[in-house]
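The values are calculated or read from the model by the stated rules, or taken from the named source; none is laboratory data. Just so we're clear, the structure is a prediction, and the values are computed from it rather than from any experiment. Here Cβ is always computed from backbone atoms with ideal geometry, including for glycine, and neighbour counts include all displayed protein chains. Just so you know, the surface numbers come from the protein's heavy atoms only, side chains and all, with ligands and any DNA or RNA stripped out. Shrake-Rupley method; radii C 1.70, N 1.55, O 1.52, S 1.80 Å.
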Amino acid sequence: MSIRRESFLAHVQERGEYRTTEEADRVARVVLALLGAHLVGTVRAELAARLPETYALILLNPLPAAEPLSPDRFVRATAAWIEGATEKTALWDIGAVLSTTAAAAGDDLVREALLQLPPGYDLLFGHPQST
């Protein structure tokens, strides 16, 4: 079952300490579009099913990635797409969105998603994996 849009944005706004829901929405759209380019198949579909429709569609219809981005490159790409962002603020934005996404998805689905991503994304989701 998916989380309601207002609830999702409220969590992103709280975790990111954004002044407005519009700011939370803007970063959610960027982060989920970049994430969607790196997930495939049922994992992406199941994750989308746990998100509000607006964000599910963004996750399901990304521009294809030419290659998987390392976590560092994911942060740099996010910074490039958010006006006025730095790598430090982008890392904060990613944490707010991906931790909210992880909470909506649940641990099992997050683990499956992390299997499709380069090492290090566990920290971006706020789900450090033991090695």
Q.
Which residue is least open to solvent (accessible area, probe 1.4 Å), if the candidates are limited to segment 82-131 and must be free of Cβ contacts under 8 Å to residues at least 24 places away in the same chain and among the charged types (D, E, K, R)?
A. Asp122
Q: Taking the residues in segment 62-81 that are in contact with a helix residue (DSSP H, G or I) (Cβ under 7 Å, 6 or more places away or on another chain), open to solvent by 10 Å² or more (accessible area, probe 1.4 Å) and touching a residue at least 12 places away in the same chain (Cβ under 8 Å) as candidates, determine which candidate is nearest to Arg4 (Cα to Cα).
A: Pro62
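Mind listing whichever residues of segment 1-29 are assigned to a helix (DSSP H, G or I), over 19 Å from Arg50 (Cβ atoms) and either open to solvent by less than 40 Å² (accessible area, probe 1.4 Å) or hydrophobic (A, V, I, L, M, F, W, C) (or both)? Write out each step before concluding.
Going through segment 1-29, the residues assigned to a helix (DSSP H, G or I) turn out to be 5-16, 21-29.
Filter once more, so that each one left must be over 19 Å from Arg50 (Cβ atoms): 16, 21-23, 26.
Answer for segment 1-29, where residues must be assigned to a helix (DSSP H, G or I), over 19 Å from Arg50 (Cβ atoms) and either open to solvent by less than 40 Å² (accessible area, probe 1.4 Å) or hydrophobic (A, V, I, L, M, F, W, C) (or both): just Gly16.
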Q | One residue from Ala65, Ala90 being at pLDDT below 95, at negative phi and among the aliphatic types (A, V, I, L, M) | A | Ala65
